[in-house]
Amino acid sequence: MKASLRPYLPSEAQLLALIFQASIETLAEDDYDTDQRAAWASIADDVGAFAKRLAAGLTIVVLADGSPVGFASLAGADKLDLLYVHPDYAGQGLGSMLADALEKLAGARGAAQMTSDASDNAVPFFQKRGYEPQSRNSVMIGDEWLANTTMRKALGGKVDA
Ligand SMILES: CC(C)(COP(=O)(O)OP(=O)(O)OC[C@H]1O[C@@H](n2cnc3c(N)ncnc32)[C@H](O)[C@@H]1OP(=O)(O)O)[C@@H](O)C(=O)NCCC(=O)NCCS
């Protein structure tokens, strides 16, 4: 498999919505129940609103052999807002490629840190990258409460060193 990165194209919103939903359905299964995952995935039911969120941030996609299979978005200077890899391509370093790229972009823009509200299933991924938990949060999506953890990493190599 040949992996590459490029900026998100507005015409891909529907495809990224499907990746988002498949990713949540399968990769978050151990930590969130069926109703919680359905509520979370429903964020992308309104593709127009989802496209606006993708366009509001700095969104990049990862391609496997030329096809988009994951994406990530930098919101503002230093918040990793979205990070999703299709379950068929998880565990192959693509999430790391996306996170590496956004951390570099944030650093190049002068951000001293990166934060992310990590879902429980993603906490080990962020910990491996040197992020540390800051606070535990509960967010309501539809009728469901979902917990997440704000994770933070200093940029500039200090944490990784
Ligand atoms: C989190 C996510 C983006 C990781 O993508 P990925 O492509 O599978 O990640 P990588 O293959 O780059 O994994 C990097 C490392 O993290 C580890 N890792 C990834 N997910 C993990 C998990 N759920 N539990 C434990 N370790 C995990 C990998 O084992 C790997 O470790 P290694 O370098 O020692 O091999 C992906 O699992 C996903 O889309 N999850 C569902 C959506 C989600 O929760 N997104 C985050 C919202 S904040």
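Computed from backbone phi with θ = phi - 60° and the Karplus coefficients 6.51, -1.76 and 1.60, the 3J(HN,Hα) list for the stretch 73-84 is 9, 9, 9, x, 7, 8, 10, 7, 8, 9, 8, 9 Hz; x is used for glycine and proline. Testing the spin-label approximation: label points 7 Å from Cα along Cα→Cβ at Arg6 and Arg109. State their distance in nm. Distance between label points: 2.2 nm.
Per residue, the accessible area of the chain comes to 50 Å² when a 1.4 Å probe rolls over the protein heavy atoms.
Using the alpha-carbon centroid of each, what span in Å lies between the stretch 119-148 and the stretch 1-73? Centre-to-centre distance over Cα atoms comes out at 17 Å. Taking the charge dipole of the chain about its Cα centre, with +1 at Lys and Arg Cβ atoms and -1 at Asp and Glu Cβ atoms, the residue from Ile43, Gly93, Gly130 reaching farthest to the positive side is Gly130.
Bridgeable lysines around Lys79 (alpha carbons under 27 Å apart, same-chain partners fewer than 8 residues away excluded): Lys52, Lys104, Lys128, Lys153, Lys158. Could you tell me what percent of the accessible area of the chain is made up of carbon and sulfur, with a 1.4 Å probe and every protein chain present? It is 51 percent, rounded to a whole number. Dipole magnitude for the chain: about 920 debye, using +1 per Lys or Arg Cβ and -1 per Asp or Glu Cβ, origin at the Cα centre. Ranking Thr59, Met151, Gly107 by Cα position along the charge dipole of the chain, where only Lys, Arg, Asp and Glu carry charges on their C-beta atoms, puts Gly107 farthest toward the positive end. When the GluC sites (Glu not before Pro) in the stretch 1-81 are filtered for DSSP coil states and for at most 13 other beta-carbon atoms within 10 Å of their beta-carbon, the remaining sites are Glu29. Each of the peptides 2-8, 85-91 was scored by the mean count of other Cβ atoms within 10 Å over its residues; in descending order, highest first, they stand as 85-91, 2-8. Between Asp78, Asp35, Asp117, where does the largest GNM mean-square fluctuation fall for the chain, given springs only between Cα atoms within less than 10 Å? Highest fluctuation among the options: Asp35.
The values are calculated or read from the model by the stated rules, or taken from the named source; none is laboratory data. Just so you know, these numbers come straight off a predicted model, no measurement behind them. Cβ atoms come from the backbone with ideal geometry, glycine included; neighbour counts cover every protein chain shown. What goes into the accessible areas is simple: the full protein's heavy atoms, side chains included, and nothing from ligands, DNA or RNA. Shrake-Rupley method; radii C 1.70, N 1.55, O 1.52, S 1.80 Å.
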